[in-house]
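I have placed the structure first, in the form of structure tokens, so that the comments after it can refer back to it.
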Protein chains: 2
Amino acid sequence: MDIKALVFDVYGTLFNVHSVKEKADELYPMKGDEISRQWRQKQLEYSFLRQLMGKYETFWKITEDSLRYTLKNLKLEHSSEKINALMDAYLHLSPYPEVEEVLTKLRSKRLAVFSNGSHKMLDPLIKHSGLSSLFNEIISVDDRKQYKPTPAAYHYVLDRLELERSEILFMSSNGWDISGARAFGFQTAWINRNQFPVEELGLRPHSIFPDLYGILTQV
Amino acid sequence: MDIKALVFDVYGTLFNVHSVKEKADELYPMKGDEISRQWRQKQLEYSFLRQLMGKYETFWKITEDSLRYTLKNLKLEHSSEKINALMDAYLHLSPYPEVEEVLTKLRSKRLAVFSNGSHKMLDPLIKHSGLSSLFNEIISVDDRKQYKPTPAAYHYVLDRLELERSEILFMSSNGWDISGARAFGFQTAWINRNQFPVEELGLRPHSIFPDLYGILTQV
């Protein structure tokens, strides 16, 4: 395995999407967990559905739409003030505890992020986290308007990095993202933070680690 | 509105997918509800993901794969004996209580079903329910290997019925299916059995009813 770049998914992999819970609990006492859970699920669903329907909108728009749906579904107030406060929390998600240490140890390598997020949300998030200088490239599907897990989305990484499929090690906590990347031909490491079963999509990840420390043993 | 055919989605619309609960409760006491809920959610997710990845498999295979995932996720025994028993229950789902009455009242119209299900699962289900004679056509996406909500899937209905988009009234309980059909250009009636909010996908259904009785007021 001749890996020439390490490419990281962002939401759920480097950053904990459920760190919005705190703000949600503040705005809707005791409801933070449920809001966060339904919001994330609907966000992913809307990205899949819009891609299937051929009705692309940015991940920022999808994130707001899915939040609005979630608040309506839970019969909670969905004023633009509250929605804006929660959307702002999405620009300040917490990185997982090991992220900075692992990335710092890998800094001699070529490192990139590759996300469904549009630059409008991705760039401030990474800037706020102080991790910007560690990445050589911030790659967003929004430049091609093709969401993961379509082959066209993963193909954009090849164009940006000017590498072959098998020269890329891709890391994601999202099982569906790993399945898509594996089907496309990347080397894959599934960061299985929640001890889920392997997706039954016919393709196993090349390796599975409970957090990003595992990557250090592999490269 | 000059409607020339009434086209019904199957799973969740004519048949209650959660009628597998009884068999699931028998095999896994007290777990039927959770199995049924997670199974359905994963089944839809896998149909979306396989379409996005360009890795089509039949809905029967997807239904079995999503059941296996669900049982593993809940740390329950997943022997082929138990899986086969639950898959068999999927061929004997219960129609919703008003289905036969409503379809009988509509029998002078051209009626069709249109489903992600492959004929292997759709044909026995409809046969077991005794409703076969009420439908002029049983249309499965499997003939085109394009899942809803892609435009290509809805297009197959036009080819089979030899009609224009606006001549079709499509009914589904699945909000995402209604969004896809609306985006494609069908007339749409959302059978909102669970009082969910309208999907935040930018397209409202033409009409919304709590069950199929509402259709009788419209045609």
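Any read-out appearing in this document is the output of simple, stated calculations on the displayed coordinates, not a laboratory observation. None of the values given here were measured: they were computed from a predicted structure. No Cβ is skipped: glycine too gets one built from the backbone with ideal geometry, and neighbour counts run over all protein chains shown.
Amide H to amide H, with H built 1.01 Å from N, B:Ala5 comes under 5 Å of B:Leu169, counting only residues 5 or more places away or on other chains. Chain A residue nearest the rotation axis toward B, with distance: A:Phe48, 2 (Cβ to axis, whole Å). When only alpha carbons are used to place a centre, segment B:58-72 and segment A:59-74 end up 28 Å from one another. For A:Arg165 and A:Leu74, the FRET efficiency from 1/(1 + (r/R0)^6), where r spans their Cβ atoms and R0 equals 45 Å, is about 0.60. Summary for B:His128: label point 7 Å along Cα→Cβ; distances to the equivalent points in the other copies, ascending, 5.0 nm. Counting Cβ atoms of other protein chains within 10 Å of each residue's Cβ and taking the mean over peptide B:176-182 gives 3.
Entry note, chain B: the mean residue ellipticity at 222 nm calculated from DSSP H runs of n ≥ 4, each adding -39500 (n - 2.57), is -13500 deg cm²/dmol after division by the residues and rounding to the nearest 500.
Distances between placed amide hydrogens fall under 5 Å for B:Ile139 paired with B:Val113, B:Phe114, B:Ser115, all partners being 5 or more residues away or on another chain. Ranked from shortest, the separations from the 7 Å Cα-to-Cβ label point of B:Ser108 to its equivalents in the other copies are 8.3 nm. Gap in Å between the Cα centre of segment B:13-35 and the Cα centre of segment A:1-55? Computed from Cα coordinates, the inter-centre distance equals 29 Å. Placing one equal scatterer on every Cα of the protein assembly as shown and applying the Debye formula, the log10 ratio I(q)/I(0) at q = 0.11, 0.14 Å⁻¹ is -0.90, -1.36. Between the Cα long axis of helix A:80-89 and the first principal axis of chain A there is an angle of about 30°, rounded to the nearest 10.
Here r is the Cβ-Cβ distance between A:Ser132 and B:Glu26 and R0 is 45 Å; the resulting FRET efficiency, rounded to 0.05, is 0.20. In chain B, the longest principal axis of the Cα atoms and the axis of helix B:175-184 are about 40 degrees apart.
Per-residue mean of foreign Cβ neighbours for A:42-53 is 6 (Cβ atoms of other chains, 10 Å radius). Peptide A:183-194 is shielded by partner chain Cβ atoms: per residue, an average of 1 of them sit within 10 Å of its Cβ.
Using θ = phi - 60° in the Karplus curve 6.51 cos²θ - 1.76 cosθ + 1.60, the 3J(HN,Hα) couplings for segment A:107-124 round to 5, 6, 8, 7, 10, 9, 10, 9, 9, 5, x, 7, 4, 3, 9, 6, 5, x Hz; x is entered for Gly and Pro. Short-range pairs are left out: with C-alpha atoms under 8 Å and at least six residues apart, the relative contact order of chain B is 24 percent. Ranked from shortest, the separations from the 7 Å Cα-to-Cβ label point of B:Glu81 to its equivalents in the other copies are 6.2 nm. Under a 5 Å amide H cut-off, with hydrogens placed 1.01 Å from N, B:Glu200 pairs with nothing among residues at least 5 apart or on other chains. Against the main long axis of the alpha-carbon atoms of chain A, helix A:151-161 sits at an angle near 60°.
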